[in-house]
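Take a look at the structure below.
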Amino acid sequence: MLREALRDKNFVEKLIRLTIPIALQSLLVASVAAADAFMLGRLDQNSMAAVSLASQVQFVMTMFLAAVTGTGSILGAQYFGKQDFESLDDIYHMSLRLAAVIDILFFIACFFFPQYLMAFFTNDSTLAGIGIDYLRMASFSYLLVGFSIVIEIMMRVTDHAVAGAWISFSAVISNVILNAVFIFGLFGAPQMGARGAALATTISRVIELALCITLTLMPRFIGPNPKHILRHNALLAHDYIRISIPILGASLLWGIGFTSYTAIMGHMGKDAAAANSIAAVVRDLVCCVCNGIGSAAAIMIGNELGAGELDRARTYGYRLTRLSWLIGFLSMGVVLLLTPLVVHFMKLTPQAHSYLLGMMIIMSIYMIGRCVNTIAINGVLDGGGDTKFDMYSLFVMMWCFAIPVALLGAFVFHWSVLLVYFCTCLDEVGKLPWVMARIRKEKWVRNLTRNFNDQR
């Protein structure tokens, strides 16, 4: 099947054209967290661990935004495949309205109530204090992030993924440079530590949004239109809500679940929190390829379904599912190759070094499940609107199995840090048989578009 896929030039060219810029964009975004961890890790372990914990708030925020952007991508890809640009414009502005609400709510939480947010992640007063300062400063960046993400997602859907990658590249470069300036106090700037990382993030978000808006004013780009921001399409809104609710449910289950994993490790001591924060950065960097293929898969399948090419969409889905296994094993190998370099390079206590080594080895196996599930669920299933499955599988495997076992191991049975970390990796591997069975049912082979053109 993979050999047949490689002989299909249209399939290969479209996959590469979408995957490379999206994966690069994902890598660039993950590089910001890596830069924060590296620079703060060179400053002191507490700052690095505290910012890693505080950043989980933005992680939860992105889960809400994922419901917006995920729905926009699914419907947008199908209507773009159908060449119904007026409906695509309605989807665009619905996504912007919802993103604005999320941005404002998280700004309020992080600026006015950061102490309550940090209390969830750690009971260490030193880490909490650093995290509170970081969140209050970073809250201003949360007012902007939703708009940028929606615009960049629509660029992907409308075949401008390269432009979105360039925007991310510019934002990341500015963020890394400003990180160095404000964290270490270079060029006469004050040495701000964790607050400097937050300030750098805020400034880079301003740059990112400015670039997004500038590009959408150019020919062939679809951008926000102030005249359409409040325009309402009742039938399309109904489809949007129907698809977005399970995505939101899945995003929250996954996001809060991952945040719970971080909180569990954070309550197992500073060394465990520090090692886990570095392992998380490596995981996010290595996952960039499968994230790119998953996003590309959803767009490719959505385009074909919207154009009425159901058989071609089905073929693409099975090809991409098989490809996901290859990516999973390759990612496992990459993690194992990176392990000695990461463990040697980071400035940690001997105990934290020991934890990090064990976490990296455990994570290498986890990567197989993570890559397969990302491409199969977020790409193939979601591309056809089969968004409920992700929510059900997360509820069972993460919330009914992995999280309870990790909680019991950490706080009741007092298992070792590495054994508890192993428990937090069980959900992705456990979902694999279930995911493969769902792909074969082909509930994802559906055209979700309506014939609005006949009514206009």
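Of the solvent-accessible surface of the range 309-439, computed with a 1.4 Å probe over protein heavy atoms with every protein chain present, carbon and sulfur atoms account for 74 percent.
Note on the chain: dipole from Cβ charges, positive end direction compared against Gly196, Leu15, Val162; the farthest Cα belongs to Leu15. For the range 14-144, carbon and sulfur atoms together expose 73% of the accessible surface, with a 1.4 angstrom probe and every protein chain in place.
Annotation: Ile108 carries an accessible surface of approximately 70 Å², with a 1.4 Å probe and no ligand, DNA or RNA atoms counted.
Which shape class applies to the range 171-288: rounded if a/c is under 1.5, otherwise prolate when a/b exceeds b/c and oblate if not, where a ≥ b ≥ c are the square roots of the Cα gyration tensor eigenvalues? Oblate, since a/c reaches 1.5 and b/c is not below a/b. Cβ screening of the chain for cysteine pairs under 4.7 Å finds these without a partner: Cys110, Cys212, Cys287, Cys288, Cys400, Cys423, Cys425. Can you give the longest run of the chain that contains no GluC sites (Glu not before Pro) sitting in a DSSP loop with at most 16 other Cβ atoms inside 10 Å? Maximal segment without exposed cleavage sites: 1-308. Computed about the Cα centre, the dipole magnitude for the chain is approximately 560 debye when only Lys and Arg (+1) and Asp and Glu (-1) carry charge, each at its Cβ. The mean accessible area for residues of the range 176-255, using a 1.4 Å probe and ignoring ligands and nucleic acids, is 52 Å² per residue.
Put a plus charge on the Cβ of each Lys and Arg, a minus charge on the Cβ of each Asp and Glu, and nothing anywhere else: the dipole of the range 11-122 about its Cα centre is then about 220 debye. Look at the dipole of the range 49-206 built from charges on Cβ: of Met137, Gly76, Leu65, the Cα furthest out on the positive end belongs to Met137. Shape call for the range 359-411 from the C-alpha gyration tensor, a ≥ b ≥ c root eigenvalues: rounded (a/c under 1.5), prolate (a/b greater than b/c) or oblate? Oblate shape, in that a/c is at least 1.5 and b/c is the bigger or equal ratio. According to the square roots a ≥ b ≥ c of the eigenvalues of the Cα gyration tensor, what is the shape class of the range 379-456, taking rounded for a/c under 1.5, prolate for a/b larger than b/c otherwise, and oblate for the remainder? Because a/c hits 1.5 or more and a/b exceeds b/c, the range 379-456 counts as prolate.
Under the convention that each Lys and Arg Cβ holds +1 and each Asp and Glu Cβ holds -1, the size of the dipole of the range 294-366 around its Cα centre is about 140 debye. Separation of the range 344-365 and the range 301-341, taken as the distance between their Cα centroids, equals 29 angstrom.
Please report, ordered by residue number, every helix of the chain (full DSSP H runs) that is 20 Å or longer along its axis going by C-alpha atoms and whose mean Kyte-Doolittle hydropathy reaches -0.5. Span-like helices here: 9-43, 56-82, 85-112, 142-157, 161-184, 194-216, 234-266, 270-286, 288-306, 310-345, 350-373. Positive-end ranking of Ala237, Ala263, Ile299 along the dipole of the range 193-304, with charges on Cβ about the Cα centre, is headed by Ala237. Here the range 151-255 has 73 percent of its accessible surface on carbon and sulfur atoms, given a 1.4 Å probe and all protein chains in place. Within the full protein context, the accessible area of Ser244 is estimated at about 20 Å² for a probe radius of 1.4 Å.
Note on Tyr392: accessible area approximately 110 square angstrom, rounded to 10, probe 1.4 Å, nucleic acids and ligands left out.
Across Lys441, Lys270, Lys14, Lys388, the residue with the most accessible area heads the list, and the full order at a 1.4 Å probe is Lys441, Lys388, Lys270, Lys14.
The values are calculated or read from the model by the stated rules, or taken from the named source; none is laboratory data. Here the structure is a predicted model, which means the values were calculated and not measured. All Cβ positions, even for glycine, are placed from backbone atoms using ideal geometry, and neighbour counts span all protein chains on display. Heads up: the accessible areas ignore ligands, DNA and RNA and are worked out on the full protein's heavy atoms, side chains in. Shrake-Rupley method; radii C 1.70, N 1.55, O 1.52, S 1.80 Å.
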